[in-house]
Amino acid sequence: MSSHEDPQYVHPLTGAIREIVAIFSDMGFEVASGPELETEHYNFDALNVAKDHPARDMQDTFWVDDTHVLRTHDTAVTARKIEENDGEMRYLSCGKAYRNEATDMTHEAQFYQVDAFAIGEDVSLAHLKGTLETFFSKFLGGAVEIRFRPGFFPFVEPGVEVDMRLVGDDVPERLKGKWIEILGAGMLHPNVLRTGGIDPDKYQGWAFGGGIERLCMLKWGIDDVRIFHSGDLRFIQQFVAGK
Amino acid sequence: MKISYEWLQTFFPSVRAGEEGALPTPDELAETLVFHAYEVEGIEDVNGTSVLDVDVLPNRAADSLSHRGIAREASTLLDIPMKRDPLREDIELVPTTDSVAVSLDPKASCSYYAAAHITGVKVGKSPLWLKQRLEAIGQKSINNVVDATNYVMFELGRPTHVFDAQKFAGENPHIGTRLAKRGEKISLLGGDEVELSDTMTLIIDANSDVPIAIGGIKGGAHAEVDSNTVDIIIETANFHPKQTRLTAQALKLRTDASARFENHIADKLAQFGVVAVAELIVELAGGELKGYAAAGELNTEQSVVEVTADEASRLLGVAIDEATIESILERLQFVFEKEGGVFKVTAPFERRDINIRQDVIEEIGRVYGYNKIPSQQLTVPESEPKVNKKFAYAEKIRKTLSGMGIAEVYLYSLRDSGDIALLNSLASDKDHLRSNLAAGITESLDKGEKQMPLLGLYDAVRIFEIGNVFTNEGEYTHVCIGVRIAGTKKREERTQQVLGEIRNALMEELGESLPEATNEVLEFNLDELTESLPELDAYDEASLVCTGTAYVAASQYPFVLRDIAVWVPGGTGASEVKEIVTKHAGELLKRNDLFDEFGKDGRVSYAFHLVFQSNEETLTDQKVGVIMTAIEAEIEDKKDWEIR
């Protein structure tokens with residue numbers, strides 16, 4: 001083929017997922033995955049989104065038939081893993097999710113989501129804060145501050161919105177010192193644990209979820225979410241493998 | 001929801017920020033709300049008062065979609081008492097009257113209805129203070145009677161409605177409810193006519209069976225209040241949250257009223273609403289309150305929730321003692337008993353979201369402050385987590401292919417054809433789930449081929465995707481590699497050769513046979529392949545990560561390709577030629593690829609592909625021609641240099 005050695009390209013989504021998996025594996029999280037064409041049960045019911053809950057209106061869903069949807073969040077994997085396992089556990093999943101909404105620079109009908117959760121007898125919001133500090137510090141570089149604001153997601157109680165701020169000398173100028181809204185999180189709702197066969201009086205745990213494209217956009221200064229799925233090689237060629 | 005700072009201040013003893021008993025400045029108030037309660041999207045100045053745009057979370061919509069609700073929250077969070085709190089007053093619908101009758105059809109979704117009958121009102125303009133308050137939050141003033149109902153909705157979060165009593169049939173007005181008939185029509189306030197279905201609840205004039213409002217959504221034109229109205233009936237009723245939502249959705253009529261019913265505002269709020277509106281109308285428009293008539297039941301049950309300081313501390317991850325919890329519950333106006341360390345907590349009637357232990361802990365946590373939660377690391381696990389076999393092999397495949405310079409793409413799952421169709425789709429070319437990756441890969445090859453010089457590719461475009469496909473048999477993860485060879489010479493043969501090399505490299509890495517390529521693609525099922533491969537006890541080192549260069553958006557304009565070949569004296573480097581090219585082409589030169597080099601008779605020939613592209617415009621041949629002429633002229637000027 002070419003006379004010179006070919007450069008090795010790494011798509012930003014692949015690069016980000018690879019790093020996320022490495023960081024969370026070190027913290028004892030197992031990689032999980034589930035189907036993108038998901039049952040209504042795992043996407044909604046098992047996550048405490050009741051049939052008549054207004055939260056079902058909050059996300060516009062692609063339906064395939066009366067009981068199957070394109071999963072609206074990777075959190076459906078969380079519901080599956082809680083059902084499969086007992087007691088203490090830590091899982092991470094990075095997968096594709098779908099929303100039936102108009103696309104623009106920050107919205108896509110398909111996107112990748114990272115979801116992680118940890119369950120134990122005393123796993124608390126403080127552990128969520130610590131875990132996220134470690135994650136963002138390794139993923140984006142520099143020292144990280146995390147802050148919580150009240151948030152609402154049916155599958156957690158309490159629910160929080162997570163903001164992050166990078167401080168330190170190595171931080172890119174565009175990110176330095178700015179609070180950035182980055183994830184949704186909280187303590188798994190007892191109904192979610194109970195549906196998955198876990199005793200909520202004995203065990204508790206946190207869960208978070210967020211868009212991987214958004215993490216990539218922050219990390220590499222990308223301004224349009226649609227380019228990730230465009231197959232545009234002018235984009236992909238800008239991301240070359242390195243250590 | 002728009003919240004007027006000036007209106008909010010009326011609930012507190014002082015209006016001077018900084019003084020005891022006063023709200024802090026709007027900015028400080030917004031910050032407190034953001035970190036302890038709800039989002040504040042912004043603050044704007046409307047005619048001299050600050051208006052906060054508060055985004056109340058769904059679980060707080062029942063109690064917080066009003067000025068009183070936000071005032072109550074501010075009082076809790078800032079620990080300043082309220083000067084007035086209408087919902088803490090005793091309420092009774094007195095006097096009663098039989099000048100109006102109310103009866104409910106149990107099949108309709110209305111569980112309680114109270115009417116107030118006022119005679120002798122004078123419909124007119126609203127006073128300035130009322131107009132200004134409504135206008136500050138984006139509401140138009142209509143007349144004193146209608147404005148009174150709107151005011152109470154934004155003051156207490158309780159929708160009400162007013163009818164002209166003289167537009168009812170019969171001697172005494174009789175209000176009823178029933179389900180609509182399928183296809184029945186009603187003219188609404190504002191003139192629109194809508195067609196109803198048989199699940200929708202109507203308010204009717206029971207003497208004539210004529211519909212006068214769609215329950216929980218909007219009033220009808222039939223008994224509308226106008227400038228001649230003198231006798232009125234004020235409606236306050238409770239509608240089923242889900243039915244209201246479905247009706248509003250079906251009619252595309254989501255109103256301030258329906259939004260509140262959907263969120264299941266407390267039943268008892270109905271009585272506070274009707275009394276507040278009746279009093280305000282008598283104050284603004286005069287008239288005499290004949291009395292109230294009501295039908296149906298109010299559900300006033302409130303959960304008793306048990307929680308201990310230890311449970312709260314364990315969930316939040318910060319030690320919170322009983323004294324602190326007591327003080328927070330008091331600030332929230334939650335009623336509690338303490339028995340042996342167990343708090344038995346009941347929230348005030350308007351709070352519909354306090355039903356389990358975790359709900360109370362959330363209240364404690366957010367009032368206490370999430371900023372006081374320390375960060376703590378999880379214990380280091382004793383063993384490595386189990387390896388996800390499919391992910392591990394997908395990574396091996398990615399690294400093998402990346403190592404050969406093949407670019408990974410991520411493409412769309414929604415396409416114009418496939419085994420499985422969507423019930424609701426964005427567009428007709430995205431109404432199926434893909435049943436293979438090849439179709440998308442082929443499209444990407446087409447796009448890539450058109451851009452080859454711009455990409456520095458002159459032999460072939462080589463890409464791959466790993467993603468899920470959806471077939472009648474099930475959902476599988478596939479791997480698909482695509483190759484497009486440039487030019488037509490021996491195209492098929494070369495394509496098969498390149499795909500064959502890739503297939504061999506993968507088989508060597510995986511130690512397993514793979515299917516043959518067809519045409520331009522090699523696609524296989526990763527789930528099946530993974531089944532046949534051995535378990536792995538560790539992931540490969542995550543060595544291939546992206547390097548951190550900031551991304552530059554690609555130009556949207558077409559590029560122009562020109563080749564140039566130059567004879568130069570032996571010993572002259574290609575970079576010397578490149579320098580001349582760069583000097584004349586400037587920023588328009590996107591690529592400068594040396595593709596041929598050979599020596600003859602003491603001279604060297606260099607040949608380059610030059611790719612020109614502008615970020616601002618479509619480049620003309622003429623413009624590129626000028627640059628090429630300048631490059632060629634300088635080269636020809638040099639001793640022993642020659643354009644080939």
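The values are calculated or read from the model by the stated rules, or taken from the named source; none is laboratory data. Note that the coordinates shown come from a computational prediction; the quantities given were computed from them, not determined experimentally. Glycine gets a Cβ as well: all are built from the backbone with ideal geometry, and neighbour counts include every protein chain shown.
Some points to look at:
- Breaking point among (1) within 30 Å of B:G511 (Cβ to Cβ); (2) touching a residue at least 12 places away in the same chain (Cβ under 8 Å), for B:E541: (2)
- Checked against the criterion of being assigned to a strand (DSSP E or B), acidic (D, E) and more than 21 Å from B:E363 (Cβ to Cβ), the candidates A:E101, A:E145 yield just one match: A:E145.
- Pair list, Cβ under 6 Å, 6 or more apart: segment B:10-23 residue closer than 18 Å to B:S50 by Cα, other residue modelled with pLDDT under 90 and in a loop (DSSP other than H, G, I, E, B): B:A22/B:R16
- In the set (1) free of Cβ contacts under 8 Å to residues at least 60 places away in the same chain; (2) facing chain B (nearest Cβ under 9 Å), the condition left unmet by A:D170 is number (2).
- Residues of segment B:273-323 classified as in contact with a His (Cβ under 8 Å, 6 or more places away or on another chain) and farther than 21 Å from B:G369 by Cα, total: 5
- B:E475 being exposed (fewer than 12 other Cβ atoms within 10 Å of the Cβ), within 9 Å of chain A (Cβ to nearest Cβ) and closer than 28 Å to A:V31 by Cα: no
- Flag for B:E509 being of a type outside the set (F, W, Y) and either more than 14 Å from chain A (Cβ to nearest Cβ) or loosely packed, with under 13 Cβ neighbours inside 10 Å (or both): yes
- Pairs with Cβ under 6 Å, 6+ apart, first in segment B:89-102 and within 19 Å of B:I232 (Cβ to Cβ), second in a loop (DSSP other than H, G, I, E, B): B:S99/B:N172; B:V100/B:P173
- If you filter segment A:1-16 down to residues that are surrounded by fewer than 22 Cβ atoms within 10 Å (Cβ to Cβ) and more than 7 Å from every other protein chain (Cβ to nearest Cβ), you find that the one that is modelled with the highest pLDDT is A:E5.
- For segment A:95-115, the set of residues classified as more than 19 Å from A:G231 (Cα to Cα), in contact with a strand residue (DSSP E or B) (Cβ under 8 Å, 6 or more places away or on another chain) and facing chain B (nearest Cβ under 9 Å) consists of A:E101 only.
- Considering residues of segment B:40-52 that are touching a Gly at 6+ places or on another chain (Cβ under 9 Å) and either touching a residue at least 60 places away in the same chain (Cβ under 8 Å) or over 17 Å from B:P24 (Cα atoms) (or both) only, the residue surrounded by the fewest Cβ atoms within 10 Å (Cβ to Cβ): B:V46
- Residues that are out of contact with any Lys or Arg (no Cβ under 6 Å at 6 or more places or on another chain) and either part of a loop (DSSP other than H, G, I, E, B) or within 13 Å of B:P348 (Cβ to Cβ) (or both) within segment B:87-98 comprise B:L87, B:R88, B:E89, B:D90, B:I91, B:E92, B:L93, B:V94, B:P95, B:D98, listed in sequence order.
- Any hit, segment B:85-97, residues being crowded, with 17+ Cβ neighbours inside 10 Å, within 33 Å of the chain's Cα centre (by Cα) and not acidic (D, E): yes
- Residue selected from segment B:102-139 under the condition loosely packed, with under 15 Cβ neighbours inside 10 Å and polar (S, T, N, Q), by the criterion farthest from B:A293 (Cα to Cα): B:T119
- You will find that of B:K386, B:K450, the residue that is more than 10 Å from every other protein chain (Cβ to nearest Cβ), of a type outside the set (A, V, I, L, M) and without any contact (Cβ under 8 Å) to a residue 12 or more places away in the chain is B:K450 and no other.
- Unmet requirement for B:L130, which otherwise passes all of (1) assigned to a loop (DSSP other than H, G, I, E, B); (2) touching a residue at least 40 places away in the same chain (Cβ under 8 Å): (1)
- Whichever residue in segment B:389-428 is β-branched (V, I, T) and more than 7 Å from chain A (Cβ to nearest Cβ) and, among such residues, is nearest to B:N472 (Cα to Cα): B:I397
- Elements of the type strands (runs of 3 or more DSSP E) sitting completely within segment B:253-350 and holding at least 1 residues that are more than 14 Å from chain A (Cβ to nearest Cβ), hydroxyl-bearing (S, T, Y) and out of contact with any Lys or Arg (no Cβ under 6 Å at 6 or more places or on another chain): these cover B:288-296, B:342-346.
- Options A:F139, A:F155; residue that is surrounded by 24 or more Cβ atoms within 10 Å (Cβ to Cβ) and among the aromatic types (F, W, Y): A:F155
- The set of residues in segment B:17-38 being in contact with a strand residue (DSSP E or B) (Cβ under 6 Å, 6 or more places away or on another chain) and over 17 Å from B:G369 (Cβ atoms) consists of B:G21, B:A22, B:P26.
- Some residue of segment B:199-209 being within 14 Å of another protein chain (Cβ to nearest Cβ) and touching a strand residue (DSSP E or B) at 6+ places or on another chain (Cβ under 8 Å): yes
- For the condition surrounded by 15 or more Cβ atoms within 10 Å (Cβ to Cβ), acidic (D, E), in a strand (DSSP E or B) and more than 33 Å from the chain's Cα centre (by Cα), B:E235 qualifies.
- Against the conditions (1) touching a residue at least 60 places away in the same chain (Cβ under 8 Å); (2) outside any helix (DSSP H, G or I); (3) surrounded by fewer than 23 Cβ atoms within 10 Å (Cβ to Cβ), A:I23 satisfies every one except (2).
- Positions within segment A:184-243 being polar (S, T, N, Q), touching a residue at least 24 places away in the same chain (Cβ under 8 Å) and at the interface with another protein chain (Cβ under 9 Å from one of its Cβ atoms), in sequence order: A:N191, A:Q204, A:Q237
- Residues (at pLDDT 95 or above, touching a helix residue (DSSP H, G or I) at 6+ places or on another chain (Cβ under 6 Å) and charged (D, E, K, R)) located in segment A:90-121: A:D115
- The residues in segment B:478-495 that are outside any strand (DSSP E or B) and surrounded by 19 or more Cβ atoms within 10 Å (Cβ to Cβ) can be counted, and the count is 1.
- Enumeration of residues in segment B:601-644 that are touching a residue at least 24 places away in the same chain (Cβ under 8 Å), at positive phi and of a type in the set (D, E): B:D640
- Failed item, numbered, when A:G168 is tested on (1) at positive phi; (2) within 19 Å of the chain's Cα centre (by Cα): (2)
- Residue check for A:G141: within 9 Å of chain B (Cβ to nearest Cβ) and either within 18 Å of B:N371 (Cα to Cα) or modelled with pLDDT of 95 or more (or both): no
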